[in-house]
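Reviewing the structure listed below.
The values are calculated or read from the model by the stated rules, or taken from the named source; none is laboratory data. For clarity, every value in this text was computed on a predicted model and none was experimentally measured. Methodologically, a virtual Cβ is constructed for each residue, glycine included, from the backbone with ideal geometry; neighbour enumeration extends over all protein chains shown.
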């Protein structure tokens, strides 16, 4: 669904920008401008199976506000926070396992806008992100709880479309960078993993509103 929304947004912005380029006007976020924005998302899914005596329900919610200051034209330095919650339940005739997670994150960032029209910019955001997640699995046969520490350093490409001089729509499109995570739950020793890659999936497509003054 997010990929469909992204494609629709890109087509609409491309059409709008094609008209703007004729006037050769470029958007500029002036030095000294403050910026506040945020991304919010939630999802719900339920499934029932005719051939199995069980059903599943899933819910998630994410909110990430951020603030920034333009230290030079089209260059923003800022700080973001985030919270996420998810719950997955399975109802059956034996037990009703459910797992929940809470995620907290903080990310200082620097974001560079490259104007391509009077209302449209392409951006690159460099950031360092720390995330802490707590999760719990309630199951008659296998109950456990644990936590994960995760670090990310990399860049996020994006687009910004200004509805007017102060209000804009934003989309971050994927992430390129290095991730290191340490997971600990139950009795097993901690597990550490690391990766360097470029991802575009439901967690890396983020839409939101921003306000400049």
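Of note:
- Some residue of the stretch 177-198 being over 15 Å from residue 111 (Cβ atoms), in contact with a helix residue (DSSP H, G or I) (Cβ under 6 Å, 6 or more places away or on another chain) and either at pLDDT 85 or above or outside any loop (DSSP other than H, G, I, E, B) (or both): no
- The set of residues in the stretch 147-168 that are touching a strand residue (DSSP E or B) at 6+ places or on another chain (Cβ under 9 Å) and surrounded by fewer than 17 Cβ atoms within 10 Å (Cβ to Cβ) comprises 147, 149, 151, 153, 157, 163, 165, 166, 167.
- Residue in the stretch 108-122 that is out of contact with any strand residue (DSSP E or B) (no Cβ under 7 Å at 6 or more places or on another chain), buried (at least 16 other Cβ atoms within 10 Å of the Cβ) and more than 28 Å from residue 44 (Cα to Cα) present: yes
A quick yes/no check of all residues on (1) within 28 Å of residue 213 (Cα to Cα); (2) at pLDDT 90 or above; (3) out of contact with any helix residue (DSSP H, G or I) (no Cβ under 8 Å at 6 or more places or on another chain):
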| residue | (1), (2), (3) |
| --- | --- |
| 75 | yes, yes, yes |
| 86 | no, yes, yes |
| 127 | yes, yes, yes |
| 150 | no, yes, yes |
| 154 | yes, yes, yes |
| 159 | yes, yes, no |
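- With respect to the conditions (1) farther than 18 Å from residue 131 by Cβ; (2) assigned to a strand (DSSP E or B); (3) modelled with pLDDT under 80, residue 15 lacks only one, and its number is (2).
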